[in-house]
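The values are calculated or read from the model by the stated rules, or taken from the named source; none is laboratory data. Predicted model, so just to flag it, every value in this text is computed and none were measured. Here the Cβ is made from the backbone with ideal geometry for all residues, glycine too, and neighbour counts use every protein chain on show. Heads up: the accessible areas ignore ligands, DNA and RNA and are worked out on the full protein's heavy atoms, side chains in. Shrake-Rupley method; radii C 1.70, N 1.55, O 1.52, S 1.80 Å.
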Amino acid sequence: MGRLFRRAIASGYGVRAGALNLTLALGLILTAGTALAGQVTIAALGDSLTQGYGLPQEDGFVPQLESWLRDQGAEVRVLNAGVSGDTSAGGLSRVDWTLTPDVDAMIVALGGNDLLRGIDPAATRANIEGILRAAQDRGVAVLLVGMQAPGNYGPDYKAAFDAIFPELAAQYRALHFESFLKPLADLPDRGTALRELMQGDGIHPSATGVALIVQAIGPAVLDLIDRTQ
């Protein structure tokens, strides 16, 4: 800033020109500050689905989402806080340093690895609630991405797990998106979805699959941005 002041004065002719250039420099600084203040920063806290496992960096969920949001006219920066293999407990352990002062909103997409490990739904609920409470304490708006348990754990497990996300979203007044992979699961031709929209492991979406997920979840993220403003 001091350099701008010195250049403004040095480039003028006399006191009047220097004052004029100083005024222009101040205007540019204030304009730049306003533009920066208008940008919304979203942290995407999640696991390998958020992190972009198996994909080139530019094809992952976070870069594709940020690009989609900007195409809709949003001034936004999306931070990748996804860690491959993370459970809800891992997300809770990271939430405090994820919620830096510049973070305005957060997408929470955890629970898949809890299912893979058969973790007690009560423990998952407590972890997700801890994350939502941390965001609430900091005044950070949240979009909570849900997940449904498979039937092989039994009806009681499934009912307890599936209820975690809509119930906590309502309790903490967070936005709720039903499931990260729902846009792919809802496709009528599951065979085509697996071949073209999923990676070889059958768990993680391909770049094309991520694009469909972004199109589906994008409007909810726009609503999240509205909440910050």
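General observations
- The residue pairs whose first member lies in segment 62-84 and is within 16 Å of residue 227 (Cβ to Cβ), whose second member is charged (D, E, K, R) and not in a loop (DSSP other than H, G, I, E, B), and whose beta carbons are closer than 8 Å, counting only pairs six or more residues apart or on different chains, are 76/66; 76/70; 78/66.
- Listed conditions (1) within 19 Å of residue 49 (Cα to Cα); (2) in a helix (DSSP H, G or I); (3) aliphatic (A, V, I, L, M); (4) open to solvent by 30 Å² or more (accessible area, probe 1.4 Å) are all met by residue 203, apart from (2).
- Where residue 120 falls short, out of the listed (1) in contact with a helix residue (DSSP H, G or I) (Cβ under 6 Å, 6 or more places away or on another chain); (2) of a type in the set (Asp, Glu); (3) open to solvent by 40 Å² or more (accessible area, probe 1.4 Å): (1)
- Close contacts from segment 133-151, counting a first residue that is more than 17 Å from residue 178 (Cβ to Cβ) and a second that is of a type in the set (Phe, Trp, Tyr) and open to solvent by 30 Å² or more (accessible area, probe 1.4 Å), with Cβ to Cβ under 6 Å and a gap of 6+ residues or different chains, come to 136/172.
- Matching entry among 25, 109 (being buried (at least 18 other Cβ atoms within 10 Å of the Cβ), at pLDDT below 95 and hydrophobic (A, V, I, L, M, F, W, C)): 25
- Considering residues of segment 162-175 that are touching a residue at least 40 places away in the same chain (Cβ under 8 Å) and in a loop (DSSP other than H, G, I, E, B) only, the residue least open to solvent (accessible area, probe 1.4 Å): 174
- Just so you know, in segment 135-151 the residues that are in a helix (DSSP H, G or I) and touching a Lys or Arg at 6+ places or on another chain (Cβ under 9 Å) include one that is most open to solvent (accessible area, probe 1.4 Å), and it is 136.
- Some residue of segment 176-194 being open to solvent by 30 Å² or more (accessible area, probe 1.4 Å), at positive phi and modelled with pLDDT under 95: no
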